[in-house]
1. Tell me which of these A:LEU27 doesn't satisfy, since it passes every other one: (1) under 20 Å from the mean Cα position of the chain (by Cα); (2) open to solvent by less than 70 Å² (accessible area, probe 1.4 Å).
2. Taking into account only those residues within the stretch B:30-50 that are part of a helix (DSSP H, G or I) and open to solvent by 30 Å² or more (accessible area, probe 1.4 Å), which is nearest to B:SER208 (Cα to Cα)?
3. Would you be able to say whether some residue in the stretch A:125-134 is facing another protein chain (nearest Cβ under 7 Å), not β-branched (Val, Ile, Thr) and not in a helix (DSSP H, G or I)?
4. From the list B:SER71, B:SER53, exactly one residue is open to solvent by less than 40 Å² (accessible area, probe 1.4 Å) and either without any contact (Cβ under 8 Å) to a residue 12 or more places away in the chain or among the polar types (S, T, N, Q) (or both). Which is it?
5. Only one residue in B:ILE24, B:ILE28, B:ILE36 is within 14 Å of chain A (Cβ to nearest Cβ), in contact with a strand residue (DSSP E or B) (Cβ under 9 Å, 6 or more places away or on another chain) and not charged (D, E, K, R), so which one is that?
6. Among the numbered criteria (1) farther than 21 Å from B:ALA217 by Cβ; (2) crowded, with 20+ Cβ neighbours inside 10 Å, which one does A:VAL205 miss?
7. Which one is nearest to A:ILE190 (Cα to Cα) among residues in the stretch A:32-59 that are within 12 Å of chain B (Cβ to nearest Cβ) and surrounded by 15 or more Cβ atoms within 10 Å (Cβ to Cβ)?
8. Looking at A:LEU19 and the list (1) under 21 Å from B:GLY130 (Cα atoms); (2) touching a residue at least 60 places away in the same chain (Cβ under 8 Å); (3) not aromatic (Phe, Trp, Tyr), which single condition is not satisfied?
Amino acid sequence: MKKRKGLSTVFIVIVLIWLLVPLLVSLIYSLFENWAGIVPKGFTLQAYASVLTDPQFGKALLDTVLICIVPILLTNVIVLLALFVVTAYFPRLEKYVQIICMVPYTVQGVILSVSILSLYVGGKGFFASRVVMLTGAYCIIILPYVYQGIRNSMRSVNMPMLLDAAQMLGCSRIEAFFKVVVPNIMSGIIVSSLLAVGIIFGDYVLIRNLAGSTVTNLQMYLYQVMKADSRKSSATFILIMLVMFLITTVVLVLKAKNDKGKKER
Amino acid sequence: MKKKRSIYLLALLPFLVLTVMYEIIPLIGVVISSFISDENGAVTAANYGTVFSKLLYQKAMQNSLKISTLSSLAGILIAFLGARSYYEKRGKLGQIFMTILNMVSNFAGIPLAFAYMILLGNAGVMVQLGRKMGIDALANFNLYSSNGMTFMYIYFQIPLATLLLIPAFDGIRKEWQEAALLLGAGKGTFWLKVGIPVLMPSILSTFSVLFANALAAYATAYALMMNMLPLLPIQIAGCFVGDVKMQRGLGGALSVVMMLMMVVMIFITNTISRRFQKGEAVK
């Protein structure tokens, strides 16, 4: 019995090493001038300075943040409305909404991006705009996550019961939804929105195929510097990973808080 | 009442507009365009003929299938052992394990390709280390091959697969193990005869997620290989984006083939999974 536990520990440690080595090596690589031998030489923060002072990096960071906002807000509102109406008035439609929401999960980025591109690229005006195409694509790619997040939270607060209770107290259903249900599931909405931020931050295929060069995110920036300067790109890499880890940490903390709150109730 | 209810359908309208415009019509469009000739706009099945007869696309399908299958198999094996270790161990190390898995679950695409280039590329740190220490396996490691790609894909499969499998282990009750132990089964026998068959539906559905994930992975492969190693997602994007005229028909046919691969894999895993749920596969 004791030996089995030891084996489990060894296995977990091996997987952890496997997962962490690429990160650690890139971190060391970004901090030293020269790593030709076994021991790296010449500690310097030069690479970070050159990334952080690069106006291209600033633009990419700003673009990455800006391009997140509209799709996430839009998708949350749209899915909230749809799920409210479907659960409160048309339970029979729920199945179809679910199917539509889960399709992007199997189709994924490449096919989605080329299909949107091929449909809208020839036209003129609003819908042929690269930014609009990209926004639409991001809405669809985060749809499964937003849908699952909102649906699970609605279930956990028992939305139909809340609506009935509010109605008995003389409140209309739609009013009850926005005044009672939405505030109660806000933390669930925030968690799934942050997951969506992570997905959009990590996207390369949609932005490359749809936006061309009109919008550049951090991933595209990394790809560009990768071809020119490996030390600068390793610093960029570390900065990107830091942002990602920050998002994940917030998600984990919020999730743990939610679960704890549920248990106490 | 009836009339009042239908007013609420208006709230569904934004959802329908978004999904019809950016999901349903584009996808149907791709399927339709796969049957239209790129040269003269006639209805034809020639695009599929090209896909299955041209060496480049045959290679792309073979490579994609091979890399996706191998990396998913390796991913599911490591994830199974990892999730089982977590199930038996838990505690502080288990918590660290979960946190790291969550942290690296977004680590894919361009950053992953970059980290592996630093690590195992032609002048990579590990490769140089291998040369100095005389470890041939490291010194001669070729990241820019389908085996190298598979190895890199395994990296992003591990956190995804483990995080999907860990909840499934909650279904294995400690009492079953005790009961099996009392009946004289060793731990190995328990997992072989009870644990794995009970987990099989979860293992299979995770496998199909991994397969789809690897098959559609674009950025990792693109950053590393450009067009040196033909892969389906890269060929598809190449038909629509780039210097040449957009080849909607050919790209559509390639997309449909890729979607079919995913659907077939889901169908296969579902079929096997159903047999396990009925208990037919366990003798």
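The values are calculated or read from the model by the stated rules, or taken from the named source; none is laboratory data. Note that this is a predicted model, so its numbers are computed, not measured. Note that each Cβ is placed from the backbone with ideal geometry, even for glycine, and that neighbours are counted across all protein chains shown. What goes into the accessible areas is simple: the full protein's heavy atoms, side chains included, and nothing from ligands, DNA or RNA. Shrake-Rupley method; radii C 1.70, N 1.55, O 1.52, S 1.80 Å.
1. That leaves (1) as the condition not met.
2. B:VAL31
3. No; the residues of the stretch A:125-134 include none that is facing another protein chain (nearest Cβ under 7 Å), not β-branched (Val, Ile, Thr) and not in a helix (DSSP H, G or I).
4. From the options B:SER71, B:SER53, the qualifying one is B:SER71.
5. Result: B:ILE36 is the single residue among B:ILE24, B:ILE28, B:ILE36 that is within 14 Å of chain A (Cβ to nearest Cβ), in contact with a strand residue (DSSP E or B) (Cβ under 9 Å, 6 or more places away or on another chain) and not charged (D, E, K, R).
6. If we test A:VAL205 against (1) farther than 21 Å from B:ALA217 by Cβ; (2) crowded, with 20+ Cβ neighbours inside 10 Å, just (1) comes out false.
7. A:PHE32
8. The failed condition is (2).
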